[in-house]
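Remarks on the structure that follows.
The values are calculated or read from the model by the stated rules, or taken from the named source; none is laboratory data. If you're wondering where the values come from, they're calculated on a predicted model, not measured in any experiment. Cβ placement follows ideal geometry from the backbone for every residue including glycine, while neighbour counts extend to all protein chains displayed.
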Amino acid sequence: MDLDLIRQIIALVEKAEISELELEEENFRVVVKKYAAPVTISSVPLQGYAPPPPVPAPAEAKSTSEPESKPLDDVNVIKSPMVGTFYRAPSPDAEPFVEVGSEVREDTVVCILEAMKVMNELKAGYRGKVAAILVENGQPVEYNQPLFHIRKS
């Protein structure tokens, strides 16, 4: 398989309404995946990072913070772009990326999602103030699960 063909495949996936394409030819395999905007994901090398031990699930599901009493029509929801484990900080002893009330911009890192031992930074994608953090640190998350409420500024 040549490089021009790979470029053409990537261009097709970018234009098509698909999120993943896998091709295999003799001893060569290509997998192309794309993620929905406005979320930006990048791999982060975190040497020496060990996830905290699993936390037992509480009897009732509750958010880290109580959402503000204002209506949700002025709130953007940051959703998980993948299945993985949610971490609020870059390491167990570090400060969280954001807290309720933190001002964020589109490129502000709000958490890390671990999938298959790869740490992926999740950026806000919106400008505003963190109104609620909907997931506990170290908890597993599903694709498209709401993680944060960002009040529009």
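Among the candidates 60, 68, single out the residue that is more than 20 Å from the chain's Cα centre (by Cα), under 18 Å from residue 141 (Cα atoms) and modelled with pLDDT under 60.
Result of the check over 60, 68: 60.
Which residues, counting only those in the range 96-124, are over 23 Å from residue 75 (Cβ atoms) and either surrounded by fewer than 17 Cβ atoms within 10 Å (Cβ to Cβ) or among the polar types (S, T, N, Q) (or both)? Give the derivation first.
Pass one, the range 96-124, residues over 23 Å from residue 75 (Cβ atoms): 114-120.
The answer is 115, 116, 117, 118, 120.
Mind checking which residues of the range 83-95 are surrounded by fewer than 19 Cβ atoms within 10 Å (Cβ to Cβ), touching a residue at least 12 places away in the same chain (Cβ under 8 Å) and out of contact with any Phe, Trp or Tyr (no Cβ under 6 Å at 6 or more places or on another chain)?
Of all residues in the range 83-95, those surrounded by fewer than 19 Cβ atoms within 10 Å (Cβ to Cβ) come to 83, 85, 89-95.
Applying the additional criterion that residues be touching a residue at least 12 places away in the same chain (Cβ under 8 Å) yields 83, 85, 89-92.
85, 89, 90, 92 - these are the residues of the range 83-95 that are surrounded by fewer than 19 Cβ atoms within 10 Å (Cβ to Cβ), touching a residue at least 12 places away in the same chain (Cβ under 8 Å) and out of contact with any Phe, Trp or Tyr (no Cβ under 6 Å at 6 or more places or on another chain).
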